[in-house]
Amino acid sequence: MIPPPAQQIRLAVRAALDEDLSLGDVTTAALFPDPLLGRGTILAHESLIVAGVVVARLVFSEVDESLQILQSLQDGRRAEAGSSVLTLEGDARSILMGERVALNFLQHLSGIATLTAQFREELRGYNTKVLDTRKTLPGLRALEKWAVRLGGGVNHRQSLGDGILIKDNHLALLRSQGIGVAAACRQVRERCAHAQRVIVEVQSLEQVKEALDG
């Protein structure tokens, strides 16, 4: 599964490191003034779909390019509890400085991928797909939607400009103007001739029937 563009990953990593290390790591610096060779391993604490390894690798590289990745799983692979996700070696101070940011990305993205895979498994045998939304954390949309794909889901809209989705708030405003679901569907088709489909977020069977009639 192709990850997001390298520039988007780098921006997310840079923002996270700036947030965590803008003033340095005073504890590590006070305890270990000199370089110290160390090795670190990130383990899976439960069965999961791995997502974010490519991001974690960049985190450690940005902290200290001399750190060596000895082993890492491929994003999208299943890791069983207790198995190694990533092992690296180098200055232990650099490993300490990057570990929390790397873990934050791995835990968050692997959680999304794993939960998506669980939904996919529950729907096995049905002619249906698991779609995501735009309810993403600011700055992490590309990564989170990538994690959805790794879990077997399908990306819906990357932004408000990607497709037509008439939501409940739209419908409420339309109703205040006396416009129903069917009329709204016709309106967007007329004004957005390039739109291949119109999706309506309905709240009742009556709205479903009205949308189909339109």
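The values are calculated or read from the model by the stated rules, or taken from the named source; none is laboratory data. It should be emphasised that the depicted structure is a prediction, and the values quoted were computed from it without experimental measurement. We place every Cβ from the backbone using ideal geometry, glycine too, and count neighbours over all the protein chains shown. The accessibility values were calculated without ligands, DNA or RNA, using every heavy atom of the protein model including side chains. Shrake-Rupley method; radii C 1.70, N 1.55, O 1.52, S 1.80 Å.
Results, tabulated for the structure shown:
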item	result
Alpha-carbon Rg with Dmax, taken over the range 56-196, Å	21.3, 67
Top of V63, V198, V50 by mean-square fluctuation, Gaussian network on the chain, Cα under 10 Å	V198
Cross-link partners of K129 among aspartates and glutamates (Cα-Cα below 19 Å; sequence separation of 8 or more within a chain)	E121, E144, D162, E201
Carbon + sulfur, % of accessible area of the chain - ligands and nucleic acids excluded, 1.4 Å	53 percent
For the range 6-20, 3J(HN,Hα) per residue [Karplus equation, 6.51 cos²θ - 1.76 cosθ + 1.60, θ = phi - 60°, Hz, x = Gly/Pro]	4, 5, 5, 5, 5, 4, 5, 5, 4, 5, 5, 5, 4, 5, 8
For the range 133-144, 3J(HN,Hα) per residue [Karplus equation, 6.51 cos²θ - 1.76 cosθ + 1.60, θ = phi - 60°, Hz, x = Gly/Pro]	10, 9, 7, 10, 6, x, x, 10, 4, 4, 5, 5
The range 82-143 versus the range 150-170: alpha-carbon centroid distance in Å	20 Å
Within the range 6-83, GluC sites (Glu not before Pro) in DSSP loop having at most 12 other beta-carbon neighbours inside 10 Å	E46, E65, E80
For the chain, accessible area per residue (1.4 Å probe, heavy atoms of protein chains only), Å²	62 Å²
